[in-house]
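Have a look at the structure below before the remarks.
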Amino acid sequence: MQVLPVQDSKTVKEFLNVARTIYKNDSNWICPLDNDVEAVFDKKKNPFFKHGICTRWILKDTDGVTIGRVAAFVNEKKAHQYEQPTGGLGFFECINDQAAAFKLFDTAKKWLQEQGMSAMDGPINFGENDSFWGLLVEGFTPPSYGMNYNPPYYKDLFSHYGFTKAYEQITNHLQVRKPFPERFTKIANWVAGKPGYTFEHFSKKNAEKYVNDLMEIYNDAWKDFENFVPIKKETLLESFKKMEMIMDEKLIWFAYINGEPASFVVIIPDANQMIKGFNGKLGLVEKLKFVYRRWKGVHRMRAIVMGTKSAFQKHGLESALFIKLKEYVLPMEQYDELELSWVGDFNDKMLSIHQATGATFGKRHLTLRIIF
């Protein structure tokens, strides 16, 4: 077997195509857009290159057939916040062969050690954790846009190499047309009517205002979590730019208390239902199909991220946001499901909110770690 760095158009193509080969008989897999994958490795498009480095490889067998791939990266903002400097491994794809998988893991490990790392997390992304993050171990159903999907045998490949669980990420599913539990609805309506409490949906015309509000809320809401790194405005602007093609302004809601940004939820239509069958390509024909499917509408939404300032986390704002969302969604008679993805098992408050809505279990991903 031979490991080759991805460094030209030929190896980029092979890096992308190996996934299509591995999943060719898996009807649940929806191929991510090549452009989305390549944007992660583009210094002009990925702001994480300003404080990090990454590289990637493909693996060929003795006959010259590409049988695997992997990427490795160091995010300097986070690498040194752990007991040992920790890098990342991601975009792993491999045939069901332990020797091949170990060859890829060893390659990433060696490169990370050369960068001064003593451990690696994986499979993760060289970017925010709302996409390309985690090893799927339960809930092998068609993924929503940005959510990692992989064959069940990957779990053994990682565990046999020595990876152990750092934390779990839970995804729950909410049936949109099913009424919220009575207690949830009662609290939501009470909160929505309180003096000084106002609610607004996102507006592209005032995008900068809402991006600033989201950043203020998010950085306050998450500040007490271990290894938290404040999100930057440029990262948020890049995220909203990516969402623009599929964004529905009235699926992104903010709550304010006496004018102060207090809580938010970001939900998008599931773009995977728009790109299914594209095989990662976005040529003219695919673009026309995409426009048609977006106009026609999809039946699933994905909640990417929620947050509430610590001072307001017991005010029931999240329940009121869900009520506002439902007031818009139900009359459309379009959406059937809201995927609440994904919440770390360390985030008891958010998991409690999921439970309160009446959501049911959907998927389980793991973020794994190995100390060298």
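Conditions (1) in contact with a Gly (Cβ under 6 Å, 6 or more places away or on another chain); (2) touching a residue at least 12 places away in the same chain (Cβ under 8 Å); (3) surrounded by fewer than 22 Cβ atoms within 10 Å (Cβ to Cβ), marked per residue:
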{"site": "SER310", "(1), (2), (3)": "no, yes, yes"}
{"site": "SER319", "(1), (2), (3)": "no, yes, no"}
{"site": "PRO331", "(1), (2), (3)": "no, no, yes"}
{"site": "GLU339", "(1), (2), (3)": "no, yes, no"}
{"site": "SER352", "(1), (2), (3)": "no, no, yes"}
Pairs under 8 Å by beta carbon, first residue β-branched (Val, Ile, Thr) in the stretch 286-298, partner at pLDDT 90 or above and in a helix (DSSP H, G or I), six or more apart or different chains?
VAL298/GLN273; VAL298/MET274
Per-region count, the stretch 328-360, residues assigned to a helix (DSSP H, G or I), among the small types (Gly, Ala, Ser) and either touching a Ser or Thr at 6+ places or on another chain (Cβ under 8 Å) or within 15 Å of ALA303 (Cα to Cα) (or both):
1
In this structure, does VAL305 turn out to be among the aliphatic types (A, V, I, L, M), touching a Phe, Trp or Tyr at 6+ places or on another chain (Cβ under 9 Å) and in a helix (DSSP H, G or I)?
no
So which residues in the stretch 311-327 are in a helix (DSSP H, G or I) and within 25 Å of the chain's Cα centre (by Cα), if there are any at all?
LEU317, GLU318, SER319, ALA320, LEU321, PHE322, ILE323, LYS324, LEU325, LYS326
The condition of being surrounded by fewer than 21 Cβ atoms within 10 Å (Cβ to Cβ) and either under 23 Å from PHE102 (Cα atoms) or of a type in the set (Lys, Arg) (or both) holds, among GLU14, GLU83, only for GLU14
Of LEU89, LEU104, which residue is in contact (Cβ under 8 Å) with a residue 40 or more places away in the chain, surrounded by 18 or more Cβ atoms within 10 Å (Cβ to Cβ), of a type in the set (A, V, I, L, M) and outside the structural domain of ASN279 (by TED's automatic domain parsing)?
LEU104
Please indicate, with yes or no, whether at least one residue in the stretch 212-229 is free of Cβ contacts under 8 Å to residues at least 40 places away in the same chain, surrounded by fewer than 18 Cβ atoms within 10 Å (Cβ to Cβ) and under 20 Å from the mean Cα position of the chain (by Cα).
yes
Residue among TRP57, TRP29 that alone is touching a residue at least 60 places away in the same chain (Cβ under 8 Å) and in the same structural domain as ILE124 (by TED's automatic domain parsing)
TRP29
Residue that is hydrophobic (A, V, I, L, M, F, W, C) and in the same structural domain as LEU89 (by TED's automatic domain parsing), where the choices are ALA166, ALA119:
ALA119
Need pairs with beta-carbon distance below 9 Å; first residue without any contact (Cβ under 8 Å) to a residue 24 or more places away in the chain and within the stretch 263-283, second assigned to a loop (DSSP other than H, G, I, E, B) and surrounded by fewer than 22 Cβ atoms within 10 Å (Cβ to Cβ); sequence gap 6+ or separate chains.
GLY277/CYS31
So which pairs qualify, if the first residue must be in the stretch 185-202 and loosely packed, with under 13 Cβ neighbours inside 10 Å, the second must be among the polar types (S, T, N, Q), the Cβ gap must be under 6 Å, and the two must be at least 6 apart or on different chains?
GLY196/ASN258
Which one is nearest to the chain's Cα centre (by Cα) among residues in the stretch 119-135 that are among the hydrophobic types (A, V, I, L, M, F, W, C) and surrounded by 22 or more Cβ atoms within 10 Å (Cβ to Cβ)?
TRP133
Answer with yes or no whether PHE158 is under 29 Å from ASN272 (Cβ atoms), hydrophobic (A, V, I, L, M, F, W, C) and in contact with a Gly (Cβ under 9 Å, 6 or more places away or on another chain).
yes
Take LEU136 and decide whether it is modelled with pLDDT of 95 or more, outside the structural domain of LYS50 (by TED's automatic domain parsing) and among the aliphatic types (A, V, I, L, M).
yes
MET1 passes all but one of the listed conditions (1) surrounded by fewer than 19 Cβ atoms within 10 Å (Cβ to Cβ); (2) at pLDDT below 95; (3) out of contact with any Asp or Glu (no Cβ under 7 Å at 6 or more places or on another chain); (4) of a type outside the set (S, T, N, Q); the exception is number (3)
Does ALA262 fit the bill of being crowded, with 21+ Cβ neighbours inside 10 Å and small (Gly, Ala, Ser)?
yes
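The values are calculated or read from the model by the stated rules, or taken from the named source; none is laboratory data. Being a predicted model, the structure only gives us computed values, none of them experimental. Neighbour counts run over all protein chains shown; Cβ positions are idealised from the backbone, glycine included.
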